[in-house]
Amino acid sequence: MPPVSRPYPRFIADAPQEGKPYGRWEERLRDEFAKACSEHEQEAGAPLDPATVKWFPERGWGGRVYAPATARAAEGGDAPIEYFGWVSFERPPEGEPRALAASADFTDVTAEDNPEWRIDLSDDVIGAWRAEGERGGDITLVWGLPLVRGAVAATAELDGEVLDQAAVTAGRFTLVAVDAVRGFGDEIYLEVKLWNRILREIASESLYAE
């Protein structure tokens, strides 16, 4: 095949190697996530409710594994608050995971207040992709909840090209792909799509925010 004019990186992340965290490992992850959330609790108006933490499928990129999460703030604030973020770590060939780090933010824009949503998405930039000249983009971790029935797979597409795909597991999915690509004309943003068992598209959402 000839060279392509837009050499976007494709399928750059490792597939999940472990299932949903549990036991003492889940406690370690939750504690790290709670520490990251605590930095925002004054602005958010309420602290994290640890009992509401939901973990999404892990993905590995750049030598680290990322476990995304969402959770609700404790009741008592002025409006419902959702915390979102991730815990990352190194997983050596032998021994326990190490070098844990976490990032979190919050929002008062929730799916309950937006019944027209078909996907509840969160995302965060975890790295950079650099091409020749000024071309490049943001390596972005995307995790979400389908709000329509029948979703079995999710894809991350850039200008009609699939850059990552993942199964919907226990109603959740995680993707890693380059977003906000510059230098190839207009800036290009990721689009997340959901697919059913007969590979029919049932929902689509752009990461572009005006």
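The values are calculated or read from the model by the stated rules, or taken from the named source; none is laboratory data. Fair warning: this is a prediction, and the values are worked out from it, not measured in the lab. In this analysis, Cβ positions are derived from the backbone assuming ideal geometry, glycine residues included, and neighbour counts consider all displayed protein chains.
List of remarks:
- Per this entry, GLU82 is not counted among residues that are under 17 Å from the mean Cα position of the chain (by Cα) and over 24 Å from GLU32 (Cα atoms).
- Residue match in segment 41-60 (condition: modelled with pLDDT under 95, out of contact with any strand residue (DSSP E or B) (no Cβ under 9 Å at 6 or more places or on another chain) and more than 23 Å from VAL168 (Cα to Cα)): yes
- Within the set GLU157, GLU205, GLU201, GLU191, the sole residue that is among the charged types (D, E, K, R) and over 16 Å from the mean Cα position of the chain (by Cα) turns out to be GLU201.
- Every pair of residues 6+ apart whose Cβ atoms lie under 6 Å, when the first sits in segment 22-48 and is in contact (Cβ under 8 Å) with a residue 60 or more places away in the chain while the second is assigned to a loop (DSSP other than H, G, I, E, B) and β-branched (Val, Ile, Thr): ALA44/ILE81
- Just one of the listed residues (GLY62, GLY45, GLY95) is surrounded by fewer than 21 Cβ atoms within 10 Å (Cβ to Cβ), at positive phi, within 19 Å of the chain's Cα centre (by Cα) and not basic (Lys, Arg), namely GLY62.
- Of the residues making up segment 1-16, those that are more than 12 Å from TRP61 (Cα to Cα) and either touching a residue at least 24 places away in the same chain (Cβ under 8 Å) or of a type in the set (Ser, Thr, Tyr) (or both) are SER5, ARG6, PRO7, TYR8, PRO9, ARG10.
- Tabulated pairs, segment 91-110, first without any contact (Cβ under 8 Å) to a residue 40 or more places away in the chain, second of a type outside the set (D, E, K, R) and in a strand (DSSP E or B), C-beta under 8 angstrom, 6+ apart or interchain: ARG98/PHE89; ALA99/PHE89; THR107/PHE84
- Note on segment 98-115: residues that are more than 14 Å from PHE33 (Cβ to Cβ) and at pLDDT 95 or above amount to 3.
- Among strands (runs of 3 or more DSSP E) entirely within segment 11-128, having at least 3 residues that are in contact with a Phe, Trp or Tyr (Cβ under 8 Å, 6 or more places away or on another chain) singles out 64-72, 82-90, 98-107.
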